[in-house]
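**Student:** Once you've had a glance at the structure underneath, I'll fire off some questions.
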Amino acid sequence: MAILSSLRRRSAAASVAAIAGATAVGVCLAVSSASAGTLSGSLYRDPSSAVVRWVAANPGDSRAAVIRDKIASQPQARWFANFNPSTVQSEVSGFIGAANAAQQVPVLAVYEITNRDCGGASAGGAPDLNQYQTWVSNFARGLGNQTVIIILETDSLALLTCLSSAEINARNQAISTATRTIKSGNPNAKVYLDGGHSTWNSAGETANRLRAAGVQYADGFFTNVSNYNSTSNEANFGRAVISALNGMGISGKRQVIDTSRNGGASGDWCGDDNTDRRIGQYPTTNTGDGNIDAYLWVKPPGEADGCRYTAGSFQPDLAFSLANGAPNPPTTTPPTTPPTTPPTTPPTTPPTTPPAGDGCYASVAVNQWAGGFTASVTVTAGKSDINGWTVTVALPSGAVTSTWSAQASGTSGTVGFTNVSYNGRVLGRQSTSFGFQGTGTGPSTTAACVTS
């Protein structure tokens, strides 16, 4: 998946400003109250993200512990950047179902607009805007009805240099329609439009572009996905954008800030060539700032920008350079601090007392709704390491329709799930996870597990 590439930059003056403004940011910003914006709750950590898979597959790598503890442990956005109108609904539904089962808030980055990235390193997107709307409609059908965060089309408003006036108008209409389509599909979806960053377009120009693209239908805007500017600079910029929107009669909009790579910056803008940056503020919805709904890791740390490596590919040397020397994640959960580090494996909680014997053990968390369910399964090793597992569950009715982080054998009745390449090895008393979705009634909370 070619995620986010290029941009982030525009002029030498902007680069200098970004360097000067993106000094080191600590783990916790000072917060004045327990409340913030309009969001609350724990953010969802995807147990099948690229960084989690890399850590699981490379336990002996000297970089693995740092990457595991400071990056893989954290919730990050799942990007939807492939033009797949026939399968996107099921992909979204599976991801949302797993987050709902974990009672956490997922972050989804939609990156599918026609003429994406103006033909740069992340070129692509829907072939035309009619097909884009078809894709968005299918995407929206998978969103469920619980709170989700949607980062809608990075760079789509900040980068317009390759579009004619007519094409800009068509893009604005497409984004406005997409926002309303997502909101119709899930009224609890929180949708944020592209606000660029503090060293790109001015606050007034950014507000004008947001208004033209229908920010009045959205919850606000996001910034800094395409750069490394300091959180304080982005917050100041966001306040100026909000003020400008208020002056246009558009009130109640809030900002989210990408802090995945802004814990220190110098040198060239492109992350592929820079080893001076660090991860910034750890992800949280508890910002303590009424203008800011969340600090998010939208651009996953360690995924390339398209300079030295293919855009969107996970590169452990990039991840290690971002994490090495960065502060540790917070370990306590008073109301005014970010959430505790999520577990490094499953979204569900393994048994509080580790199994005493050998072999493996499985527990199931089920999110049931009328006509269907999502199940999240935790596989825990006994006192010894295991090198493969199979979990068997019994479905009272219905059938399995999709599976992630496992291979299913059968779809109804008694169904077996076998590990995939990156999660078969589980250390003693440790856990991994997989999930599946289906129609009918979900399984019980217990399941049989055998080692391979």
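Taken together, the values in this text are just the output of simple stated rules run on the coordinates, not laboratory data. Quantities reported herein were computed from a predicted structural model and do not represent experimental measurements. Backbone-built Cβ (ideal geometry, glycine too); neighbour counts: all protein chains shown.
**Student:** Please list, by residue number, every one of the chymotrypsin sites (Phe, Trp or Tyr not before Pro) in the stretch 414-452 that is coil in DSSP and has at most 10 other beta-carbon atoms within 10 Å.
**Tutor:** Passing sites in the stretch 414-452 do not exist.
**Student:** Using only the alpha carbons of the stretch 360-451, determine the length spanned along each of the three principal axes and report them from longest to shortest in whole angstroms.
**Tutor:** 40, 20, 17
**Student:** OK, next. With unit charges on the beta carbon (Lys/Arg positive, Asp/Glu negative), name the residue among Asn169, Gln146, Thr206 whose Cα is farthest towards the positive pole of the charge dipole of the stretch 145-220.
**Tutor:** Comparing the listed Cα positions along the dipole, Gln146 ranks first.
**Student:** For the stretch 51-113, list log₁₀ I(q)/I(0) at each q in 0.12, 0.16 Å⁻¹, using the Debye formula over Cα point scatterers of equal strength and ignoring solvent, two decimals each.
**Tutor:** -0.42, -0.69
**Student:** What net charge is computed for the residues neighbouring Gly97, neighbours being all others with C-beta under 14 Å from the C-beta of Gly97, Lys and Arg scored +1, Asp and Glu -1?
**Tutor:** 0
**Student:** If you plug each phi of the stretch 86-94 into the Karplus form 6.51 cos²θ - 1.76 cosθ + 1.60 with θ = phi - 60°, what whole-Hz ³J(HN,Hα) values come out, in order, with x for Gly and Pro?
**Tutor:** Result, rounded to whole Hz: 7, 10, 5, 4, 5, 5, 5, 4, x.
**Student:** Let me ask something else. Residues of the stretch 398-434 with backbone nitrogen within less than 12 Å of a virtual label 7 Å along the Cα-to-Cβ line of Asn387, please, listed as ranges.
**Tutor:** Taking a point 7 Å out along Cα→Cβ of Asn387, the residues of the stretch 398-434 whose backbone N falls under 12 Å are 425-426.
**Student:** At q = 0.10, 0.13 Å⁻¹, what is the log10 ratio I(q)/I(0) for the stretch 138-267, with the Debye formula run over Cα points and no solvent?
**Tutor:** Ignoring solvent entirely, the Cα scatterers give -0.31, -0.52.
**Student:** Another one. Pull up all non-local amide H partners of Trp389: gap of 5 or more, or a different chain, and H-to-H distance under 5 Å with H placed in the peptide plane.
**Tutor:** Under 5 Å from the amide H of Trp389 lie the amide H atoms of Asn419, Ser452, each far enough along the sequence or on another chain.
**Student:** May I ask you to compute the full-extension gain from Asp128 to Asn246, defined as 0.36 nm times their residue separation minus their alpha-carbon distance, rounded to one decimal in nm?
**Tutor:** 39.2 nm is the gain from fully extending Asp128 to Asn246.
**Student:** At q = 0.07, 0.13 Å⁻¹, what is the base-10 log of I(q)/I(0) for the stretch 12-323 according to the Debye formula with one equal point scatterer per Cα and no solvent? Please give it to two decimals.
**Tutor:** The Debye formula, applied to the Cα set alone, gives -0.24, -0.91.
**Student:** So which aspartates and glutamates can Lys253 reach, going by Cα to Cα under 14 Å and dropping same-chain residues fewer than 8 places off?
**Tutor:** Straight-distance partners of Lys253: Asp194, Asp219, Asp289, Asp293.
**Student:** Which value in nm describes the separation of the simple spin-label points at Ser86 and Asn208, placed 7 Å from the Cα toward the beta carbon?
**Tutor:** Here the modelled spin labels are 4.4 nm apart.
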